[in-house]
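Peer 1: Please see the structure below; I have some questions.
The values are calculated or read from the model by the stated rules, or taken from the named source; none is laboratory data. Since the structure is predicted, the reported quantities are computational estimates derived from the model, not experimental observations. Every residue, glycine as well, gets a Cβ built from its backbone with ideal geometry; the counts of neighbours run over all protein chains shown. Ligands, DNA and RNA are stripped out before the accessible areas are found, and what is left, the full protein with its side chains, is counted by its heavy atoms. Shrake-Rupley method; radii C 1.70, N 1.55, O 1.52, S 1.80 Å.
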Amino acid sequence: MRNYYIAGNWKMNKTPSEGAAFVKELAPKVAGAKVKVLVAPSFAALQAVGDALKGTNVLLGAQNMAAEESGAHTGEVSPAMLKDLGVKVVILGHSERRAIYGETDQLINKKVKLALAQGFEVILCVGETLPERESGKAVSVTLGQLSAGLKDVQAEEMKNIVIAYEPVWAIGTGKTATPQDADDMHKEIRQNIGSLYGPPAAEAVVIQYGGSVKPDNAKELLSMPNIDGALVGGASLKVSDFEAIVKAV
Ligand code: PGA
């Protein structure tokens, strides 16, 4: 059985003190939840949020990671630095990293392999833009990002891979994929993982949906057979909204 997984991606929001105050309020409210819960603050807030999360069931994630272990990479954050801060999970390949910061499938794949080798769980984000969807390329683009992101990832490493399907046109726009459209894509992703790694890996992989998930649409999305969780941006910034999404499972 796959475990539901709700992750909050704060993006470039919340200072360290705001983040710490937020999780102190959130953690007791989701303490009894049977789902896996994660928050991913900015690098700058990881220490403060991680300290505030000690002893809770909420996991600490990073929104990105360097593709190298150490050295002359001004402005980058290494796997060892994240580990030292108590980070267990890294989000890689977010569409904002791809579109605004020019991250390619190749770079993302390098990060995925390094993160797995360093013992992190990876949330690999994939998803098409609106023109790609409108021209009938949604599935090929999404599966292309998936197989490129997972290139040379071994079957035994798949237990540490989570996929987030985030149609770019639904991110931060208030537009959501219909539960059926999202589930159809999740099914494609699951089948693709099956052909790459075999049926047990397909059955086991957790696939989150992301893109304007809110308290009022979470239940419907999460009730679909192939949607195992959510990667939540805007609605993860308010305790009551994020709590409601966790409790919608
Ligand atoms: P959103 O962001 O929930 O604000 O649409 C989702 C994401 O980018 O992960």
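Peer 1: Identify the single condition in (1) exposed (fewer than 15 other Cβ atoms within 10 Å of the Cβ); (2) at pLDDT below 95 that GLN180 does not satisfy, given that it satisfies every other one.
Peer 2: Answer for GLN180: the failing condition is (2).
Peer 1: Here's a check for you: in the stretch 153-170, which residue that is open to solvent by 30 Å² or more (accessible area, probe 1.4 Å) and farther than 16 Å from GLU121 by Cα is modelled with the highest pLDDT? If you could, list the steps in order and put the result at the bottom.
Peer 2: To start, the set of residues in the stretch 153-170 that are open to solvent by 30 Å² or more (accessible area, probe 1.4 Å) comprises 154-157, 159-160, 168-169.
Checking which are farther than 16 Å from GLU121 by Cα leaves us with 168-169.
Details: VAL168: 95, TRP169: 92.
The qualifying residue modelled with the highest pLDDT is VAL168.
Peer 1: Check whether at least one residue in the stretch 171-188 is touching a helix residue (DSSP H, G or I) at 6+ places or on another chain (Cβ under 7 Å), within 16 Å of the ligand (Cβ to nearest atom), hydroxyl-bearing (Ser, Thr, Tyr) and free of Cβ contacts under 8 Å to residues at least 60 places away in the same chain, and report yes or no. Quick ask: steps written out before the conclusion?
Peer 2: Quick first cut of the stretch 171-188, residues touching a helix residue (DSSP H, G or I) at 6+ places or on another chain (Cβ under 7 Å) only: 171-172, 175-177, 179, 182, 185, 188.
When the remaining residues are screened for being within 16 Å of the ligand (Cβ to nearest atom), the result is 171-172, 175-177, 179, 182, 185.
Those left that are additionally hydroxyl-bearing (Ser, Thr, Tyr): 176.
Next, from what is left, pick out any that are free of Cβ contacts under 8 Å to residues at least 60 places away in the same chain: 176.
Yes, there is a match, as at least one residue in the stretch 171-188 is touching a helix residue (DSSP H, G or I) at 6+ places or on another chain (Cβ under 7 Å), within 16 Å of the ligand (Cβ to nearest atom), hydroxyl-bearing (Ser, Thr, Tyr) and free of Cβ contacts under 8 Å to residues at least 60 places away in the same chain.
Peer 1: Within the stretch 203-248, track down each residue that is surrounded by fewer than 20 Cβ atoms within 10 Å (Cβ to Cβ), away from the ligand (no atom under 11 Å from the Cβ), in contact (Cβ under 8 Å) with a residue 24 or more places away in the chain and in a loop (DSSP other than H, G, I, E, B).
Peer 2: Across the stretch 203-248, the qualifying residues are SER223, MET224, PRO225, ASN226.
Peer 1: Looking for whichever is farther than 17 Å from LEU38 by Cα and either of a type outside the set (D, E, K, R) or over 14 Å from the mean Cα position of the chain (by Cα) (or both) here; the options are LYS247, LYS238, LYS214, LYS151. Which one fits? Talk me through it step by step, then tell me what you get.
Peer 2: Details: LYS247 fails: farther than 17 Å from LEU38 by Cα; LYS238 fails: farther than 17 Å from LEU38 by Cα; LYS214 fails: farther than 17 Å from LEU38 by Cα.
None of the other options fit; the residue is LYS151.
Peer 1: Please indicate, with yes or no, whether at least one residue in the stretch 66-74 is in contact (Cβ under 8 Å) with a residue 40 or more places away in the chain, surrounded by 14 or more Cβ atoms within 10 Å (Cβ to Cβ) and of a type in the set (Asp, Glu). Talk me through it step by step, then tell me what you get.
Peer 2: As a first pass, look at the stretch 66-74 and keep what is in contact (Cβ under 8 Å) with a residue 40 or more places away in the chain: 66-69.
Among the residues that remain, those that are also surrounded by 14 or more Cβ atoms within 10 Å (Cβ to Cβ) are: 66-68.
Of the ones still in play, those that are also of a type in the set (Asp, Glu) are 68.
Yes, that holds for at least one residue.
Peer 1: Which of the residues belonging to the stretch 66-95 are in contact with a strand residue (DSSP E or B) (Cβ under 9 Å, 6 or more places away or on another chain) and not aliphatic (A, V, I, L, M)? Steps first, please.
Peer 2: Keep residues of the stretch 66-95 that are in contact with a strand residue (DSSP E or B) (Cβ under 9 Å, 6 or more places away or on another chain), which gives 77, 79, 82, 85-95.
Within the stretch 66-95, PRO79, GLY86, LYS88, GLY93, HIS94, SER95 qualify.
Peer 1: Pull up the stretch 90-142, narrow it to residues that are among the polar types (S, T, N, Q) and under 17 Å from the mean Cα position of the chain (by Cα), then point me to the one that is nearest to the ligand (Cβ to nearest atom). Can you show your working first?
Peer 2: Just the residues of the stretch 90-142 that are among the polar types (S, T, N, Q), to begin with: 95, 104, 106, 109, 118, 129, 135, 140, 142.
The next check asks that each one be under 17 Å from the mean Cα position of the chain (by Cα); those that pass are 95, 109, 142.
Details: SER95: 7, ASN109: 20, THR142: 15 Å.
Here the residue is SER95.
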